[in-house]
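As structure tokens, the structure follows; a few thoughts come after it.
Read-outs throughout are calculated quantities, based only on the coordinates presented, and are distinct from any laboratory measurement. Bear in mind that the values here come from a model prediction, so they are computed numbers and not experimental data. Virtual Cβ from ideal backbone geometry, glycine too; neighbours counted across all protein chains shown.
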Amino acid sequence: MNKILNKPFCISILVTGFVFGLALPFCWGNNPASELGTLSLLCEDRKIWFWLWGILVVGGININTLYMYKKFSYKSRFMNVLCLLAFISICLVALTLGHSIADWNPKRVLHWIATGLFIALCMATVVLFFIFNIKKYKGFGILTGCTVAILLTFAVIFIGVGKSALMEMIPLAMLQILLFVVNFTSVVKTAPIQQKTKVLTEK
């Protein structure tokens, strides 16, 4: 895993997933703002494209979340399992494509449950990391608020526009940007607050 968690690969898959995730909903004349424009319906007969979306977008987010743990020397088997479950959940979403939307058949119910789990687990892998380390690193309080705000955009889009691909595009793109800023810019410092205080005291 450490061989995968290198900077060039993590940046590449994050950027590729960002572009792919914003472009796919517009393919084949699809309207991402339409109730019938979700990726699930767009890709019900093009399942390979949904799997590719899951690998690049969701897999990229998971990989970069693990890279973030590594960058801040954070080790947690629980959080690693959450990352794995988040990826498994999007695989379950892909496996339940092609269901009828005329009624609440078992396959459609499973699809919605898997989608809910994916959203919850994907966001939890990031926001819980910030919460668990909120007193250790400067700015993690703000990052916690940013992650919660991203989560709320799912609800805002659903209430304002309704079920659409926008729910799959905008929040995940915002999360990708957040991970890029945390992982590959100097905005968030990796030195713990206590360590900085100790250095200043010694000086």
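For the pair region 140-185 / region 68-91, the C-alpha centres are spaced 18 Å from each other. Here the Karplus curve 6.51 cos²θ - 1.76 cosθ + 1.60, taken at θ = phi - 60°, turns the phi angles of region 17-31 into couplings of x, 4, 5, 5, x, 8, 8, 3, x, 9, 6, 6, x, 6, 9 Hz, with x standing for Gly and Pro. The Stokes-Einstein estimate for region 55-162, based on a Kirkwood radius over Cα pairs and taken at 4 °C with 1.567 mPa s viscosity, is a diffusion coefficient of 85 µm²/s. Size check on region 1-101: the Cα extents along the three principal axes, sorted descending, read 44, 25, 21 Å. Equivalent ellipsoid of region 128-177: semi-axes from √(5λ) of the C-alpha gyration tensor, largest first, are 26, 10, 7 Å.
Could you order the peptides 55-64, 16-25 from most to least packed, using the average number of other C-beta atoms within 10 Å per residue? If you can, show how the numbers build up before the last one.
Working: 55-64: 23.2, 16-25: 18.4.
Output ranking for 55-64, 16-25: 55-64, 16-25.
Listed values for region 59-69 are Karplus-derived 3J(HN,Hα) couplings in whole Hz (6.51 cos²θ - 1.76 cosθ + 1.60, θ = phi - 60°), namely x, x, 5, 4, 4, 6, 5, 5, 4, 5, 4, and x replaces Gly and Pro. With a simple spin-label model that places each label point 7 Å from the Cα along the Cα-to-Cβ direction, the separation between ASN80 and ARG108 comes to 4.1 nm.
Restricted to Cα atoms, the chain shows a radius of gyration and a Dmax of 18.2, 70 angstrom. Close Lys pairs in region 94-203 (alpha-carbon distance under 19 Å; sequence gap of 8 or more, or different chains): 11.
To the nearest 10 degrees, how steeply does helix 77-95 sit against the main Cα axis of the chain, on a 0 to 90 scale? For helix 77-95, the angle is close to 20 degrees.
For an R0 of 41 angstrom, estimate the FRET efficiency from the Cβ-Cβ distance between LYS7 and TRP49 and round to the nearest 0.05. Each step should come with its number before you reach the end.
Numbers: r = 28 Å, r/R0 = 0.68.
Plugging the Cβ-Cβ distance into 1/(1 + (r/R0)^6) gives 0.90.
Kirkwood radius and radius of gyration were both taken over the C-alpha atoms of region 75-116, and their ratio Rg/Rh is 1.16.
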